[in-house]
Amino acid sequence: MNLAARLGRRRVLRGMLGGAAVTVGMPFLDCFLDTNGTALADGTQLPTIFATWFFGCGLNPGRWEPKTAGKLVDLGPELEPLRPYMSKVNVLSGFKVHLDGKPALPHITGRIAVSTGVVPAAGQKTALPSVDTIIADQIGNKTRFRSIEVSCIGSRNSESVRAGNIMNPSEVSPAALYTRIFGPDFRDPNAADFVPDPKVMARQSVLSGVKDQLTDLQQMIGAADKVRLEEYLTSVRQLEQQLDLELQKPEPLKACSIPQKPTGELTPSAEVDTMHTNHKLFVQLIANALACGQTRVANIALTEGLSTLRRSGNAVIHHTHTHEEPVDPKLGYQPNVAWFVGNVMTAMAEMIATFDGLKEGDRSLLDRMLVWVSTETGYAKVHSTDNIPALTVGGANGRVRTGQHIQTAGDPITRVGLTVQQAMGVPVNSWGGDSMSTSRTITEILA
Amino acid sequence: MAKTLALVTVVSLAACILGSSQAAETTGLAPQRLVGMRRITQDQYRQIIADVFGKTIKLGGRFEPDQRDAGLLAVGASQVSVTASGFEQYDDMARSIAAQVVDEQHRPVMIPCAPASAQRPDDACAGKFLSSVGRVLYRRPLTQRELADEVKIASDVSSRLHDFYAGLGSALTGMLESAQFLFRQETARPAAADAAHLQLDGYSKASRLSFLLWNSAPDLPLLEAAEHGELDSSDGLARQADRMLASPRLEAGVRAFFSDMLGFSTFEGLAKDPVLYPKFSARIAADAQEQTLRTIVDLLLHQHGDYRDLFTTRTTFLTPLLGALYKIPVTTPDDLPDAWVRYEYPENAEQAGIISEASFVALHSQPGRSSPTVRGKALREVLLCQKVPDPPGNVNFALVQDTNNPDFKTARQRLTAHRSAPTCAGCHKIMDPIGLALENFDTTGAFRAMENGAPIDPSGEIDGIKFSDAKGLGKAIHDNPATTGCVVNRLFTYATGRTATKEEIGSMQRDFGQAFAKSGYDMKALLRSIATSNEFYRVAKPEIRADIPAASQLAQEGERR
Amino acid sequence: MSKLASHIANIGRRGRVCAAFLTGIAVLPLQSAVAETKSYVVSWFYMATYSQDGDCPDGLNDSIEQHFRKVLAQLGKSQPEIEALVKAIPGSMYVTYGDRGRIDGRPVSPYLYPTSVPDPQIKILKGKVGYGFDLDGKEGPDDFTDPETGEHGVDNQVYRVMGCFVPQRAFPPDRPGFPAAEWDMPRDAMPAWLVEVTGDDLSKDGDVTIGVYRATAPVQRSTDGAPIPDMTFRVSGDRRSYNVVKGHLKNGVVISDTFTFNMLGDVFYQPEFHLADSRLRLTLKSDGTARGVIGGYENWRNLYSAYAAGGVFNEAVVSLDVPGIYYALKRMADAYPDPKTGENTAISTAYTIEALPAFIVHDEKTAAATSAAQNLSR
């Protein structure tokens, strides 16, 4: 279904709005799913989805990297929970952040460099957008939500940042996210009847007026504030877009089933059990939202850069252990830190299992996803920005080749961000700043 | 009973709104420029809705978080925009508020006129309501075109839905989510005798004054004063400032400032381990903030006290829950569990005014234990305005790890490495000794003499001044010259919404700092000197593109772009 | 602040306390000028148990289903009827139990008229170890040895009556499920119980005075469900809940002289406690908490009425046998014979007390007013 045809219908709807509610029986649009349920009627695929999954304080170096490069045939002990999904995963090792003499704020600089491609100069803030927002601008303007951000430990600070250091705050409550997505404004793609609501059209008039009122403002505004006003305008347009979609009969999506409201969520905190519970609820909810076409970009923050994960009843958080716990001479690593890493990996496996478990015909949701798993340090004990772990999960509708271990010796980690953007169709040839500026796609994983 | 009172309040407000002026015209002055766009905070949003529509109106939505920059939400407000999810929420709230305002229960009180027919548009009545409400919401009169546009929306929707009030509600919704409402737009024009600066216009002055002193939009007398050009004369400005300083509403402004300066918004995500610290709950966290704000308001406003005494005062306010936290007996009249009681610490008590209160020591700690480094850093940055340099990257902690003593008992022992390693000591020596003085207060703010069976040694030093306990630290902060300079800096930054320029930092201390000292560090005097100063209402000329005509000219020419 | 109060403050509790400066309210100490006080709020109060294997040689009392089957058989139900009714537990029990007593063939409540059912002969505890005190000064065959003090001749007949019901069994520090639940449920509305120990120097052995009072407000709970420690309570002036007795502190354990203990409880638990010839033993721990035992003679009908008030619930859900308890209490009552009938009216008991640190404020005038207001509002 191309955009022009859609616009035509929208105009028709508006013109028909002479007061009477418009009842439209099925079929309204001549779009059906094909009989396999794996594509739309006109043969186009179900859209590709992008997701990020972020965790802080990295892994233990030497314990996650597969030994063999090339085909992924072995895993380091810390990645063992991913064994059932090896064929759908790419492990990327040896990538680093080049500081170029700029300060490395622990747990901050690494994260910014990985997601925006640039290490900010001393005293400066991030000015560039994170990869997920670049991709969302590319593919998110046809869905109800441009992107969805969630935090599994109750922090509203997300990694998702638009140009001008405008952060998209994370949802912290699965129940609240449920209401936002599947609440009163949700339009079931598989519903038999569709009745455009005249109140929605009234809301559109209001938003139209809100935008018009900006005209004078836009003339008076200085350069610095122009970006902010543009952002505001974009946000208004996003809501308009949502309302537009509410006035159209959505295309049926066979794999879409409306979930029950999540129960059993725990008050957000960084306690490990709470993190697992809320993570599970969020991932299930997001999987349903993706299958129902509500968005094409999801950002899941398991923990913050400075991981505050802790055991109930224990005074010491994950991050503190990484610095204060001595390396066990027999084991060769920090045991408590490894325990926390184990919990991170369990959650990661849970995420993969959930996306892979949602069947769409004979494929899974994961098969049309590209999940970028990232962290911000190679060795939290010393705040190292070398050998920062990265993974991709999912085949992105065939665009990404999986089941590989890409091993480098200190390549800039911006190669990963570049490759991910290209996989999602962003027309970019090079990405990153200073020494991390690169045009070297990781071609092994790009089909 | 309360509902009736609230409605009565709104009636009088509505009555006041009646008969206000229509859209103001710009005269032949130099063109206006937009010099600032500051998003209203959650508290300001709530306060304005309560002021305009009364306290019975429920908000029905969530806010996206305010952002902190340079240590203040007020500065972050000048940086943020509105994200897509944020706008969704503002839209939800706007629709909810507007629906209540026009519903059958509220409309007799809120809307000053009745339409000819409730099923059809009525431009005259809609215009009356929207122009008077708009003036208060936008903090200035609507332009002719703005009003016409709003009336048209009301009319269009009224026709389509055959409901005057639905149309009115739609127009009001639009106003409540407009950039004009959500952002404080500060407009200025070149100052007469000052080539380097622009002077804020009357309405922008009114806004700055009102948000500083009352944390809300200008009230009607202040809007009137702006309209009549009274704020352009120093007498007129002083008259309004004094009126507002004398009002009980000043407390809201002072609370908002200190709440921002002390970083209370961080309490939202604060949790303590419930197994280790079962006393700490959301209720106690709320009580802790309120305790400090009451201490501040009592000392600085009611007692006209010296700002520095905040760090040595023995007077505070407690609820029974706080009594349990601090292990102080507290009884309230009728045993009410939420009542506040004034309390005075004995002379020899180990406390340091607001620094040893839970709102400081619990906020700047980890969930499972205290942190001298975090507290020391917070004290430097929040109370002394001294930036602690960021830690170096790629520090090799392996070199400093003492593998022989992995189990340090007290924080002082655990932080030995911070002190002994040269790469660490440089910065840590300006943080840790301060925080270590507060180690008698655990991560929830409760007092303890021992940690893990070892006695706590709360001695320390700051900038060469040594002390043996928290009380000594409080005195050292009291005596430190940076303390008073810092609150002057913070207040001016908070008031203007941006960090001060080098030039301003110097003039700030000269103009406000000296007056502050002369007044005996009286907060009200400081507020007055800022509120009546020239500096507060002028901005350095921003970069402007010369080829863009100003908005007022466009309005006059009736052009639409 | 009064000089007296400030002096108290400086000696104070746990080495660092500040007496409250409360406008208009004075802190009146229990004792005279120079004294140290430790004060507590009772967090738990339940029948003292020391359940061990083999202490019920006749077996434990019936489970709910077993009990139901027996009663239905007694009522003359056929086997198919019994199976159907057993499938519908507990609803079916509520229907049948409420009037399973018979007086002249008429159905009556077995709880109001416990003798309207034949004595089911509940199993009696035969163990030798149990908490309490030697109340009668004699060593008899039914007496226990206290596991804490080793005292012989301990009288605690209630424990023998109740100790073979499963929900009443526990080995310390576990708490017996039903008695603990009974205490926990009304806690949010029942005014708290307070304990105060005063002596010259509580770090040394010596004479003390013990007060057990009722507060004017209930406990408040912290995030883990337990009462919040270190809260402040006002003593209710109500004389029905005001106990002062002398005692002795030795090696960190306080033991009181003999006294009559009176406390108001809660209508959902036990409305009134009256223990005659009672003794209190309390260990004052270094972490600020306290744990101990109080034992004495209670009017057994008073005890029974607390079980009867629970009625069918106590049988259908808790698995007690309420008329059976009546018979057993009556049979095993061991003191205060009725002058006319010669039957004992009182039975020996013992309760475990757990307590957390708290501040206690004596303010008789205000407390009396508050208490009067509370009584009026009932």
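Evaluated with a Cβ-only charge set (Lys, Arg +1; Asp, Glu -1), chain C carries a dipole of roughly 760 debye about its Cα centre, given to the nearest 20.
Sequence-ordered 3J(HN,Hα) estimates for the range A:76-81 from the Karplus curve with 6.51, -1.76 and 1.60 and θ = phi - 60° stand at x, x, 6, 8, 3, x Hz, glycine and proline given as x.
The charge dipole of the range B:318-479, taken about its Cα centre with unit charges on the Cβ of Lys, Arg, Asp and Glu (plus for the first two, minus for the last two), comes to roughly 500 debye. Among the GluC sites (Glu not before Pro) in the range B:342-374, those placed in a DSSP loop whose Cβ has at most 13 other Cβ atoms within 10 Å are B:GLU347. Taking the Cα centre of the range C:64-116 as reference, the dipole from Cβ charges on Lys and Arg (+1) and Asp and Glu (-1) amounts to some 60 debye.
Kindly express, to the nearest 10 degrees and within the range 0 to 90, the angle between helix B:2-17's C-alpha long axis and the longest C-alpha principal axis of chain B. Helix B:2-17 sits roughly 50 degrees off the main axis of chain B.
Given H placed 1.01 Å from N in the peptide plane, which residues other than close sequence neighbours of C:TYR46 have an amide H under 5 Å from its amide H? Here C:THR352 satisfy the definition. Of the trypsin sites (Lys or Arg not before Pro) found in the range A:261-354, the ones in coil according to DSSP and having at most 15 other Cβ atoms within 10 Å of their Cβ are A:LYS330. Take the protein assembly as shown, drop everything but the C-alpha atoms, weight them equally and run the Debye formula without solvent; then report log10 I(q)/I(0) at 0.06, 0.08 Å⁻¹ to two decimals. Each listed q maps to, in turn, -0.71, -1.18.
In percent, rounded to a whole number, the relative contact order of chain A is 29, using alpha-carbon pairs under 8 Å and six or more apart. Taking Cα centroids, how far is the range B:119-159 from the range C:54-97 in Å? Between the Cα centres of the range B:119-159 and the range C:54-97 lies a distance of 76 Å. Taking each pair of different alpha-carbon atoms in chain A once, compute 1/r for the pair, average those values, and report the inverse of that mean as the Kirkwood hydrodynamic radius in Å to one decimal. One decimal place: 23.1 Å for the Kirkwood radius.
Which angle between 0 and 90 degrees, to the nearest 10, do you get for helix B:481-496 versus the longest principal axis of chain B when only C-alpha atoms count? Once rounded, the angle reads 20 degrees. For the range A:285-378, the spread of Cα positions along the three principal axes, ordered from largest to smallest, is 51, 26, 24 Å.
The mean number of Cβ atoms from other chains found within 10 Å of a Cβ in peptide A:162-172 is 4, as a whole number.
Taken over the alpha carbons of the range B:487-540 as equal point scatterers, the Debye sum produces base-10 log I(q)/I(0) values at 0.17 Å⁻¹ of -0.44.
For the segment B:168-176, counting C-beta atoms of other chains within 10 Å of every residue's C-beta and taking the mean gives 4.
Beyond 32 Å in Cα-Cα separation lie the following of the pairs C:LYS70/C:LYS138; A:LYS280/B:LYS279; A:LYS88/A:LYS261; B:LYS55/B:LYS524; A:LYS71/A:LYS254; A:LYS199/A:LYS254: C:LYS70/C:LYS138; A:LYS71/A:LYS254. Remark on C:ARG102: its backbone amide H falls under 5 Å from those of C:VAL108, C:VAL117, a criterion applied only to residues 5 or more positions apart or on other chains, H modelled at 1.01 Å from N.
Put in line by how crowded their Cβ is, counting other Cβ atoms within 10 Å and starting with the fewest, C:MET332, C:MET231 read C:MET332, C:MET231.
Per the Kirkwood formula applied to alpha carbons, chain B shows a radius of gyration over Rh ratio, Rg over Rh, of 1.02. Per the Kirkwood formula applied to alpha carbons, the range C:199-315 shows a radius of gyration over Rh ratio, Rg over Rh, of 1.01. When the protein assembly as shown is described by a simple charge dipole with +1 on each Lys and Arg Cβ and -1 on each Asp and Glu Cβ, the residue from A:ILE388, C:TYR307, C:PHE273 located farthest towards its positive end is A:ILE388. For A:SER384, the amide hydrogen comes within under 5 Å of the amide hydrogens of A:GLY378, A:TYR379, counting only partners 5 or more places away or on other chains and with H modelled in the peptide plane.
Using θ = phi - 60° in the Karplus curve 6.51 cos²θ - 1.76 cosθ + 1.60, the 3J(HN,Hα) couplings for the range B:169-182 round to x, 5, 4, 5, 4, x, 5, 6, 10, 6, 5, 5, 8, 6 Hz; x is entered for Gly and Pro. Here B:LYS387 is the anchor, and the lysines within straight C-alpha reach of less than 17 Å, apart from those fewer than 8 places off in the same chain, are A:LYS125, B:LYS377, B:LYS429, B:LYS502.
Relative to its Kirkwood radius, the Cα radius of gyration of chain C gives an Rg/Rh of 1.02. Take every Cα pair under 8 Å whose residues are at least 6 apart in sequence, average their separation, divide by the length of the range C:64-116, and the relative contact order is 22 percent. Taking the 0 to 90 degree range and rounding to the nearest ten, how far is the long axis of helix B:123-137 tilted relative to the main principal axis of chain B, both from C-alpha atoms? Rounded to the nearest ten degrees, it is 20. Near C:GLN157: Cβ cut-off under 12 Å, other residues only, Lys/Arg at +1 and Asp/Glu at -1. The net charge is -3. Mean separation of Cα pairs under 8 Å and 6 or more residues apart, divided by the residue count, gives chain C a relative contact order of 22 percent. Residues A:LYS254, A:LYS261, ranked from the fewest to the most other C-beta atoms within 10 Å, line up as A:LYS261, A:LYS254. Each of B:HIS478, A:HIS279, A:HIS321 was scored by other Cβ atoms within 10 Å of its Cβ. Listed from fewest to most, they are B:HIS478, A:HIS321, A:HIS279. Name the residue farthest towards the positive end of the dipole of the range B:318-479 from the options B:ALA449, B:SER371, B:GLY464, assuming +1 on Cβ of Lys and Arg, -1 on Cβ of Asp and Glu, about the Cα centre. Working it through, the farthest residue towards the positive pole turns out to be B:GLY464. For the range B:191-277, the residue among B:ALA192, B:LEU212, B:TYR277 whose Cα projects farthest onto the positive side of the dipole built from Cβ charges is B:TYR277.
The numbers here are math on the coordinates, done by the rules we state, and not lab data. Not measured: the values here are computed from a predicted model. Positions of Cβ are backbone-derived with ideal geometry, glycine not excepted, and every protein chain shown enters the neighbour counts.
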